[in-house]
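The values are calculated or read from the model by the stated rules, or taken from the named source; none is laboratory data. Note that the structure is predicted; figures quoted are calculated from it, not measured. Backbone-built Cβ (ideal geometry, glycine too); neighbour counts: all protein chains shown. Please note that ligands, DNA and RNA were not included when accessible areas were found on the heavy atoms of the full protein model with its side chains. Shrake-Rupley method; radii C 1.70, N 1.55, O 1.52, S 1.80 Å.
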Amino acid sequence: MAQDNFSCVTEFILLGFSDAQELQFLIFTFFLLAYAMVLLGNLLIIVTVRTDPKLSSPMYFLLCNLSFIDICYTSVTIPRVLVARLSGHKAIVFEGCIAQLFFLHFMGSSEMFLLTVMAFDRYTAICRPLHYTAIMARGACWALVAACWVGGFIHSIVQTVLVLQLPFCGPNTIHSYFCDVPPVVLLACADTTLTEWLMASNSGLISLGCFLVLVASYMLILAKVRAHLSQGHWKALSTCASHVMAVTLLFTPCIFTYLRPAGTLPTSKYVCVIYTILSPMMNPLIYTLRSGEMKESMRRLWKPCRA
């Protein structure tokens, strides 16, 4: 038994996208610009919401938390890629790989839970407007956000423990630009069938479950709007449209990646780009462009800076 749990791998090699020298500058530029957009866009949302008293509704409170998670989420992977491109050093120590895996799933699952809470917020605003203030009181919002973080932490702990109990004593090359559960599990020198199914049940069912809840909430909202075509309902539906775009961008590739054992199909690193980079990068654009209140608040914030 002791031999079965023995691991002699001290580091992993992250191959990234390509070794072709002519592509290195393009890859580095893409990641740098994407990270800059994530930081600037989400920081702008946080500053705008925090400084404008008019943006005190639960929707903007939740949006501010989503922006904070997106910053943390991308900071788990992109800075490591940029440093590796500059230094040419592709190795990551075993402990660093496990830490990256833990925080990636911690932030990622917390964002999924938060998006589900945001859908509940829109459902309450449209379908139960008279009770909205009572249901989405500030204390309830804080409790829901705290539950998202706790749920993300528990999910990530489970994933990390399942990886740590595996022995790694042979190959250490990861065909991706970050450490994630599927490519790391494939490197274990043991039968990982049960572990893969447990991980798929954990990550995959969380992704699918949240997605189904979101779809159900949108269907209820659509039914409500069709029955009551008031200006206020259409405004709320416009906000939901941006939510649908963000949800599709995040959940579709996650379901494809995690709702199956790691060995059934190769995990595409290009699919991973969608939910680790494009989704956090597009969230500020999706939410701000669909919100007149947010754009007006940003104009007021920008005017003193230019004066």
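In terms of the Cα gyration tensor, with a ≥ b ≥ c the square roots of its eigenvalues, is the chain rounded because a/c is under 1.5, prolate because a/b exceeds b/c, or oblate?
prolate
Using a Förster distance of 35 Å, how high is the FRET efficiency between residue 19 and residue 191, based on the Cβ-Cβ distance and rounded to 0.05?
The calculated FRET efficiency here is 0.65.
Between residue 153 and residue 301, what is the label-to-label distance in nm when each label sits 7 Å out along the Cα-to-Cβ direction?
Result: 2.8 nm between the two label points.
Could you order peptides 250-260, 200-210 by the average number of other Cβ atoms within 10 Å of their residues, highest first?
Top to bottom by mean Cβ count within 10 Å: 250-260, 200-210.
Using the beta-carbon distance between residue 219 and residue 138 and R0 = 41 Å, what value does 1/(1 + (r/R0)^6) give for FRET efficiency, to the nearest 0.05?
After rounding to 0.05, the efficiency reads 0.90.
Below 8 Å between Cα atoms, with a sequence gap of 6+, how large is the relative contact order for segment 11-288 in percent?
27 percent
If I compute solvent accessible area with a 1.4 Å probe over the protein chains, what percent of it on the chain is carbon and sulfur?
72 percent
Compute the Cα gyration tensor for segment 116-210, then decide on rounded, prolate or oblate, letting a ≥ b ≥ c be the square roots of its eigenvalues: rounded whenever a/c is under 1.5, prolate when a/b is larger than b/c in the other cases, and oblate in all that remain.
prolate
Could you work out how far apart the two model spin labels at residue 241 and residue 169 are, taking each label as a point 7 Å from the Cα in the direction of the beta carbon, and quote it in nm?
5.9 nm
Can you figure out the FRET efficiency of residue 47 with residue 8, using R₀ = 51 Å and their beta-carbon distance, to the nearest 0.05?
FRET efficiency, residue 47 to residue 8: 0.60.
For the residue pair residue 285 and residue 201, what label-to-label distance in nm results when each label sits 7 Å from Cα along the Cα-to-beta-carbon direction?
In this crude spin-label approximation the distance works out to 4.0 nm.
Over segment 11-288, give the accessible area per residue in Å² for a 1.4 Å probe, as an integer.
Averaged over the residues of segment 11-288, the accessible area is 44 Å².
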